[in-house]
Amino acid sequence: MYELAYLQDLVIILIFGVIIVTIFHKLKLPAIAGFIFSGVLVGPEGLGLIGDIHKVEILAELGVALLLFSIGLEFSLAKLKRLWKLVVAGGALQVGLSIIIAFAISRFFGVPHNSAIFVGFLIALSSTAIVMRGLQQRGEIDAPHGRLILGILIFQDFSVIPMMLTIPILIGAEVPTKDSAYLFTFLQAIGIITAVLFAALVIVPRILNFVAKTRQRQLFILTVFLICIGTAWLITSSGASLAIGAFLAGLIVAGSEYRHQAMSDLLSFREVFSSIFFVSIGMLLNPTVIMENIFVIVVILVAILIGKFLIVFITAKIMQMSLRVCLMAAVALAQIGEFSFVLLFAVQGNDFIDKTLESSLISAAILSMFITPFAMSLGPRLAAGIGKLPRLNKLLEVRMTEDAVDAVSTMHNHIIIGGYGFAGRELSIALEDIGIPHVIVDINIENTRKASKEGKTAFFGDVTSPDVLTKLGVEHASELVLLVNDPNAAEQAVRVAKKCSPNLHIVVRTHYLIDIGPILAAGADDVVSAEQEAAVEITSLVLNRHKIPTQQIIEKSQQIRCQTEEDSSPG
């Protein structure tokens, strides 16, 4: 009765998952940590309720695929194109520095050359599933630190291909045609990825359009599922990681008009299977090994967390990111990822790496993944606290020429625009047309350069810093308009600005209604939610099409705004 045993294991996972995550929710602890802890409890080294981890591995891998597919749905090829510098430069710096430093430390402790390189491979990778799930839940994927994190993770996942190809050389296996094998695998990967991109632009939109016309919801779900799993399988067969395959599959559907329907239909599947993945990670943890090698594991864990934190921080700083972005990215990527286990499994049975070191690395890796959700939730407070330190605060200073300093010093009753995306640019043009003085600040160096080329008074700096706001003349400004994509940064900026200038009028744009309350409580005067305005606009369009009188439409729009203000009011 193998099927019955399989079902029994699934029931056990779900029971413990529900109980533990409920307890974690009551204690205001991250749900992901609860799932990992559930895996420790039910696993073979915990209560032993599930003796064979391999039974749940297929479901766990499916969970990773659906999670990364949904993340891909939130992007598009056009959006990914804008991330190329973060992917190539940021990813290469982080992975390269991680391998070099891990290799040097491993050699210092007597680890052989080939094993030291392999340890560098393991350390270089972070957890795409855990980090992206955390960013997704917090609505920070499109924030500056979210884009940097995504760029680095994409490069990490692609780097799994050459790492896997290098393993036979490191373990000394006979590879008669190494050069040709490398070339063939590389060309195969390029060919498959090219085919995927072609499908995204030409084939998939037509298929989804045809399926949508049938009005069969089941058929649509099956088709989207096929695109997700099929693309992930194709990409994985070329040597890339499952994460990259599923992510690219999401990008394919994201380019069509059916992305929101696909997200809606797959949401419940994603939540169930990705939760099983986190449980399966916890099952790998062996409490006995931890107790027997506690000192070594703690040393490795601390070295991983501090080392990767510093490496990512340095990488972000070289990329000219603000201190806040550097800190948030460093906290998020300080763990070892799930695809490090794929590399470890590839060398099992070869006596390639010392068994004690291997078990200690596995334990430290899982513990680092367990800590990550807690660390990410504390990231904004850490960034705010460290940003107050005088010496570190110098890293936040705006870059201003003498002419710019003079220009700001003569401004009174001006408007400070925090963020120069689409909304910031349109606001700046409107203010310029009617002659209202304003100054722009952004932590994206490309945005500030673009604004400067357009003749705007724009500076690179972090609007959450009191020093930055002071240099922008906040004491003499009439208004601060925050158009940043990070709700935590917006809330912090409001608090800092109100301390610098209590009478300053502050307007904040946020994406989600859930963010309005905390931002209003921080001292903002007006908060505009994209969700709220979308509801107003859609309602107006529909009512107008049905020839409802204009006054009624205005009243209904006002009702929506009042209702959302009541629902999101602080306290």
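Distance from the C-alpha centroid of the range 269-337 to that of the range 451-468: 33 Å, rounded to the whole angstrom.
Averaging the sequence gap over all C-alpha pairs within less than 8 Å and six or more residues apart, then dividing by the number of residues, gives the range 396-568 a relative contact order of 18 percent. A simple packing score, the average count of other Cβ atoms within 10 Å per residue, orders the peptides 246-254, 118-126, 418-426 as 246-254, 118-126, 418-426, with the highest score first.
When the label point is put 7 Å from the Cα of Asn413 along its Cα-to-beta-carbon vector, which residues of the range 470-493 have a backbone N closer than 19 Å? So the set is 473-481. What separates the Cα centres of the range 140-155 and the range 488-538 is a distance of 23 Å. Net length available on complete extension from Ile436 to Lys355 is 22.3 nm, with 0.36 nm assigned per residue and the Cα-Cα distance removed. Amide H to amide H, with H built 1.01 Å from N, Phe459 comes under 5 Å of Ile440, Val441, Asp442, counting only residues 5 or more places away or on other chains. Close amide H partners of Val508, meaning residues 5 or more places away or on another chain with modelled amide H under 5 Å apart, are Leu482, Asp526, Val527, Val528. Averaging 1/r over every pair of different alpha carbons in the range 396-568 and inverting the result gives a Kirkwood radius of 17.0 Å. The simple Förster model, with R0 at 35 Å and r as the Cβ-Cβ distance, assigns Val88 and Ala530 a FRET efficiency of 0.70. Our estimate of slack between His511 and Thr470, defined as 0.36 nm per intervening residue step minus the Cα-Cα distance, is 12.0 nm. The 3J(HN,Hα) values that the Karplus relation (6.51, -1.76, 1.60; θ = phi - 60°) gives for the range 143-153 are, in residue order, 6, x, 6, x, 5, 5, 4, 4, x, 5, 5 Hz. Gly and Pro appear as x.
Peptides 285-294, 523-532 ranked from most to least packed by the mean count of surrounding Cβ atoms within 10 Å: 523-532, 285-294.
Karplus-based coupling profile of the range 295-300, in residue order and whole Hz: 5, 4, 5, 5, 4, 5, with θ = phi - 60° in 6.51 cos²θ - 1.76 cosθ + 1.60 and x standing for Gly or Pro.
For Glu446 and Ile429, compute 0.36 nm times the residue count separating them, minus their Cα-Cα distance, and round to one decimal in nm. Full-extension gain reported as 4.3 nm. The modelled label-to-label distance between His113 and Ala346, using points 7 Å beyond Cα along the C-beta direction, is 2.1 nm.
When you count the other C-beta atoms within 10 angstrom of each residue and take the mean per peptide, 202-209, 445-452 line up highest first as 445-452, 202-209. Shown in residue order for the range 497-514 are the 3J(HN,Hα) couplings computed by the Karplus curve 6.51 cos²θ - 1.76 cosθ + 1.60 at θ = phi - 60°: 5, 5, 5, 6, 8, x, 8, 5, 7, 10, 10, 10, 9, 10, 7, 10, 4, 5 Hz (x for Gly and Pro).
Every read-out reported here was derived from the displayed coordinates using simple, explicitly stated rules and does not represent laboratory data. These figures come from a predicted structure and were not determined experimentally. Glycine gets a Cβ as well: all are built from the backbone with ideal geometry, and neighbour counts include every protein chain shown.
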